[in-house]
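Asks: Structure below; questions to follow.
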């Protein structure tokens with residue numbers, strides 16, 4: 001099982017999206033809780049926390065990707081291939097010892113201390 005959360009659940013953001021951030025943080029905790037319960041049954045539970053990807057939900061990253069990219073250490077917004085690679089890793093034999101973890105896929109944004117608005 002791979003839950004999709006968000007980097008917004010890891011650290012406070014400038015946006016006042018309290019319920020969104022709380023729900024993503026809660027899903028990260030639920031991932032850990034479920035992982036501990038289900039691992040003995042050989043069911044691996046993990047999560048992916050994407051950063052800024054151009055999408056309908058994040059239209060700003062789509063419409064102003066150059067501005068966002070300038071603030072991200074990797075100097076780009078995410079791509080479909082970035083998310084696919086993370087999901088393939090976690091769903092494969094290579095990732096089956098990764099239990100209850102959240103894989104952050106954000107180009108280094110969460111550790112940079114700068115959050116695009």
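Please treat every number below as a calculation from the coordinates, not as lab data. Note that the structure is predicted; figures quoted are calculated from it, not measured. Note that we place each Cβ from the backbone using ideal geometry, even for glycine, and neighbour counts take in every protein chain shown.
Asks: Which parts of segment 53-91 would a label at residue 111 reach, counting a residue when its backbone N lies under 16 Å from a point 7 Å out along Cα-to-Cβ?
Replies: From segment 53-91, the list is 72-76.
Asks: Here's a follow-up. Could you calculate the contour length gain from residue 15 to residue 32, that is, 0.36 nm times the residue separation minus the distance between their Cα atoms, to one decimal place in nm?
Replies: Numbers: separation 17, 0.36 × 17 = 6.12 nm, distance 2.61 nm.
The residue 15-residue 32 span can extend by a further 3.5 nm.
Asks: Using just the C-alpha positions of segment 70-110 as equal point scatterers, what log10 of I(q)/I(0) does the Debye formula give at each q in 0.14, 0.20, 0.22 1/Å?
Replies: Results for segment 70-110 at q = 0.14, 0.20, 0.22 Å⁻¹ read -0.37, -0.67, -0.76.
Asks: Here's a follow-up. If you fit an axis through the alpha-carbon atoms of helix 80-91 and take the longest principal axis of the Cα set of the chain, what angle between them do you get, 0 to 90°, nearest 10?
Replies: Around 20 degrees separate the two axes.
Asks: Any chance you could give the angle, 0 to 90 degrees and rounded to 10, that helix 18-38 forms with the longest Cα principal axis of the chain?
Replies: Tilt relative to the chain: about 20 degrees.
Asks: Say each of residue 4 and residue 80 gets a label point 7 Å from the Cα, pointing the same way as Cα to Cβ; how far apart are those two points in nm?
Replies: Using points 7 Å along Cα→Cβ, the separation is 1.2 nm.
Asks: Using the scaling law 2.2 N^0.38 Å as the reference, what is the normalised Cα Rg of segment 3-91?
Replies: Dividing the Cα Rg of segment 3-91 by 2.2 N^0.38 Å gives 1.22.
Asks: Further question on the same structure: Just subtract the alpha-carbon distance of residue 70 and residue 23 from 0.36 nm times their residue separation and send over the number in nm, one decimal.
Replies: 14.1 nm
Asks: So, one more: For the chain, what does the relative contact order come out to in percent, with C-alpha contacts under 8 Å and a separation of six or more?
Replies: 32
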